[in-house]
Amino acid sequence: MRSVSDVLMEGGVLIAAMTTALILLSSTWISAYLTKGKIPGPAIAIFAGLVLAYAGGMVTGGNHGIADVSLFSGFAVLGGSLLRDFTVVATAMGARFAEMKKAGLAGLLSLGLGVLVSFAVGAMLAVMMGYDDVKSMTTIGAGACTFIVGPVTGSAIDASSEVIALSIAAGVVKSIIVTIATPWAARHIGLNNPQSAMVFGGLIGTTSGVTAGLAATDPKLVPYGAITATFYTGLGCLLCPSVFYVLLQWILG
Amino acid sequence: MMIYGVALLAACFLTGRMIGEWLGQLIGIEANVGGVGFSMILLILVTQWLHHKDRLKLQTETGILFWSNLYIPVIVAMSAIQDVNGAISSGMIAVLAGIIPTAVCFLLVPRLAQMSQRKAEITSKP
């Protein structure tokens, strides 16, 4: 006789889907009745997801949030990069090519500027906190771009594993902060049309943060932000361990 | 049939991903460069073309919209598998390097957005 938990475990993804539905249901309710619609339902749900991840990490000591709790292992599939990218691409159905072309040059410029500014400010912070060798500065600056650019750069230039871990953490902090701060900041930075969403995606770049933040702000903006953000990590991986690293070496000569 | 829509979406997704992978190899980095972006552009172009030819059946469209609607639940699930503890416990430098550069970039959004929007719907200042 198999136990109930064995049967439940087999339906891992389905359990994750049901749990997510429950989170969205209660978030929609909280949004409507407790915040009078001031905080959007998805924003509350995403925050609840982060809290769940924190709880999962506390209980198991692992680093995959709630997915480390065996009953909820299906979250790794439902929230994994395959389904994330697949559903993001599907949102393009609602996007208009003409709107995207309008952002053209500004979209491109935002990408370059986004990587450069994050890297430069990140590297400066590294120096101020005592990480003043070029490899550590470069890696932490890269981590300020995204949690993929950090470790890719760090291992390319042979930085210490402690610094690489820091760069990943910085990238994760960034994606969480963007998720939480976007709906709140949207009004102040004019984030209410396809063009500003594209610029936003290019400047911020962390795909998970940008798409989650925009989903919480206005789901219609998601495809526009995603389309520029998707180039950011690649550009970061290209520039940080090469041009920026050499440039820093030269400056600190 | 709905499955046609799913197949169309999958085809665009995989093609875009291959372009991204190929572009990554071309410039010599171990990353997918813009795969999702290429997929999205492909999907927009293909569906617009089909629409224009009046070949995009409602059922087919449903196969794509289904996934599009699952987007927010997937993002909620994604938040639930982040390493929140790791991010918080890695110390000040990780938290600062995550927040401060991001804040600077947030402030740049209205500046650049104005460039693309001469008509400027932007009323509020940063």
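What follows draws every value from the coordinates through simple rules; no lab data is involved. These numbers were taken from a predicted model, which means no experiment stands behind them. Positions of Cβ are backbone-derived with ideal geometry, glycine not excepted, and every protein chain shown enters the neighbour counts.
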With helices defined as uninterrupted DSSP H runs, which ones in chain B have an alpha carbon span along their own long axis of at least 30 Å and mean Kyte-Doolittle hydropathy of at least -1.0?
B:2-26, B:92-116
For B:Lys53, counting only aspartates and glutamates whose alpha-carbon sits under 15 Å away and dropping same-chain residues fewer than eight positions off, the answer is B:Glu61
In peptide A:14-20, how many Cβ atoms from other protein chains are near each Cβ within 10 Å, on average?
3
Would you mind giving the mean number of other chain beta-carbons within 10 Å of the Cβ of each residue in A:205-217, as a whole number?
3
Please report the spacing between the Cα centers of the stretch A:86-123 and the stretch A:26-77 in Å, no decimals.
27 Å
Suppose R0 equals 22 Å. What FRET efficiency, 1/(1 + (r/R0)^6) with r the Cβ-Cβ distance, do A:Lys220 and B:Leu58 give to the nearest 0.05?
0.55
Place the peptides A:195-205, A:218-228 in order of packing, highest mean first, counting for every residue the other Cβ atoms within 10 Å and averaging per peptide.
A:195-205, A:218-228
Mean other chain Cβ within 10 Å across A:176-187 is 3
Compute the whole-percent fraction of alpha carbon pairs in chain B spaced more than 23 Å apart.
62 percent
In chain A, helical segments from DSSP H whose Cα atoms cover 20 Å or more along their own axis and that average at least 0.0 on the Kyte-Doolittle scale are A:12-29, A:41-60, A:97-128, A:161-185, A:222-239
Looking at chain B, which longest stretch skips every one of the trypsin sites (Lys or Arg not before Pro) that is in a DSSP loop with at most 13 other Cβ atoms within 10 Å, leaving the sites themselves out?
B:56-117
So what is the relative contact order for chain A, in percent, with contacts set as C-alpha pairs under 8 Å and at least six apart?
18 percent
Keeping to pairs on different chains or 8 or more places apart, tell me how many lysine pairs in chain A have Cα atoms under 30 Å apart.
10
